[in-house]
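Shown next, in structure tokens, is the structure this report addresses.
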Amino acid sequence: MSDVLSGIRVLDLTNVLAGPYACYLLAQLGAEVIKVERPKVGDLARQLGADATLNQQQMGTSFLAQNAGKQSLTLDLKHPQGKEVFLKLIESADVLVENFRAGVMDRLGLSYAALREVNPKLVYCSISGFGQDGPMAPLQAYDQIVQGLAGVMSVTGDQDSGPLRVGYPVCDTIGGLNAAFAISSALVKRSSTGHGDFIDVSMLESTLGTMGWVVSNWLISGVQPSRLGNQNMTAVPSGAFRTQTSLLNIAANQQAQFERLARLVGREDWLTDPRFQARETRKQNRLLLNKELEDALSSQSAEYWSELLNRHDVPAGVVQDIPTALAHPQMQERQFIKTLQSKDGKEIKVVRAGFRLHSGDPAPESYPPLLGEHTHALLSELGYSSDAIEQLAQDAII
């Protein structure tokens, strides 16, 4: 397992997806991640997912997906004694991550300015929909809201079907990735300066920042991006095409790739056809070329064409569903899926980070925690006696 962040203690105050995913990545890199949750309630994701029984057990699949490798401590941050416990935790923490609406931590008396007084080395990361300032800062944000505001939906789908949301919470995920990257960068800086930092992650800005090509077409060229469905705006033929069996993605983005494709599908005549010879004329005649290509592909299966085209260095891939993608030999060879076992023998499968390290692959080491599973042990570590912990429990502070 990776130990890149071994010795780093992260306090995860986050809920649902963006923040939990950021902290899940840190946990996979060896950080000690303590999930600080509300007593009895916990992370909302504990109640979300396709399995109603798991939701009732506060172990919903949405929670299981990005909370492996963490510990769980329940704590009422609104109670003075809860804050007292939290401040003791801050003394030993390297990182705090929260994804409340802007201003919530300030109202709790747990702002960066306040916590920096307790621990000047603290890296404090706030993840929100729109950032900590600006007119939208106080607003609640959900992934689909951000997809719409960022323009993602405006370029998803085709002229008949769009605007469409991307089929998974892409803005939450990008926000979490950005946060993990920023936290890691701040920790590197701290190693030389000795000082922590405040990180303000905006899901809206994070998403727009990944939309470089469509954004630059507008900012630099003055061309408003449009919906092209499964087609690539920069090249033809490049997109998803019907075969005898199913859709096949083909990316003949270079002239040499187009020429090889033409020969492989038996359409050498395209190479001398003035409508298709050059990149720009192909773009002008996209619909016609796409139809002729699909006619040629209709003689064989998507799998047949994928193997043939890739063998001749024309990028192609079958359009798969999720079960097929996860079961693919590539995923097995790369050990992308990790099986975890709970103390009572339950097993779940989760996915690791999308990269590997020579020194040890990032991967979670333990089953996602039950709500408050590690509260007693962590409070004992902070110096609380069993009687004191019992009193905190009776007072509903933990």
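For this structure, a couple of remarks:
- Test for Gln224: is it more than 21 Å from Asn285 (Cβ to Cβ), of a type outside the set (A, V, I, L, M), modelled with pLDDT of 95 or more and in a loop (DSSP other than H, G, I, E, B): no
- Positions within region 354-398 being surrounded by 15 or more Cβ atoms within 10 Å (Cβ to Cβ), farther than 19 Å from Ser6 by Cα and hydroxyl-bearing (Ser, Thr, Tyr), in sequence order: Thr375, Tyr384
- Sole exception among (1) under 19 Å from the mean Cα position of the chain (by Cα); (2) assigned to a strand (DSSP E or B); (3) of a type in the set (Val, Ile, Thr) for Ile34, by number: (1)
- The number of residues in region 12-31 being within 11 Å of Val95 (Cβ to Cβ) and either in contact with a Cys (Cβ under 6 Å, 6 or more places away or on another chain) or among the aromatic types (Phe, Trp, Tyr) (or both) comes to 1.
- For beta carbons closer than 6 Å, sequence separation of 6+ or different chains, a first residue in region 353-381 that is over 22 Å from Asn178 (Cα atoms) and a second that is assigned to a loop (DSSP other than H, G, I, E, B) and among the hydroxyl-bearing types (Ser, Thr, Tyr), the qualifying pairs are Gly360/Ser2; Tyr367/Ser342.
- Within region 78-98, residues that are over 26 Å from Ala186 (Cα atoms) sit with their Cβ atoms under 9 Å from residues that are surrounded by fewer than 20 Cβ atoms within 10 Å (Cβ to Cβ) and among the charged types (D, E, K, R), at 6+ positions apart or across chains, in these pairs: His79/Asp395; Gln81/Asp395; Gly82/Asp76.
- Among all residues of region 102-112, there is none that is buried (at least 21 other Cβ atoms within 10 Å of the Cβ) and either within 18 Å of the chain's Cα centre (by Cα) or among the charged types (D, E, K, R) (or both).
- Taken as a whole, the structure places Phe276 among residues that are of a type in the set (A, V, I, L, M, F, W, C), in a loop (DSSP other than H, G, I, E, B) and buried (at least 16 other Cβ atoms within 10 Å of the Cβ).
- Of the residues making up region 43-77, those that are crowded, with 22+ Cβ neighbours inside 10 Å, in contact (Cβ under 8 Å) with a residue 24 or more places away in the chain and part of a loop (DSSP other than H, G, I, E, B) are Asp43, Met59, Gln66, Asn67, Ala68, Gly69, Leu75.
The values are calculated or read from the model by the stated rules, or taken from the named source; none is laboratory data. Nothing here was measured: the structure is a model prediction, and the numbers come from that model. Note that we place each Cβ from the backbone using ideal geometry, even for glycine, and neighbour counts take in every protein chain shown.
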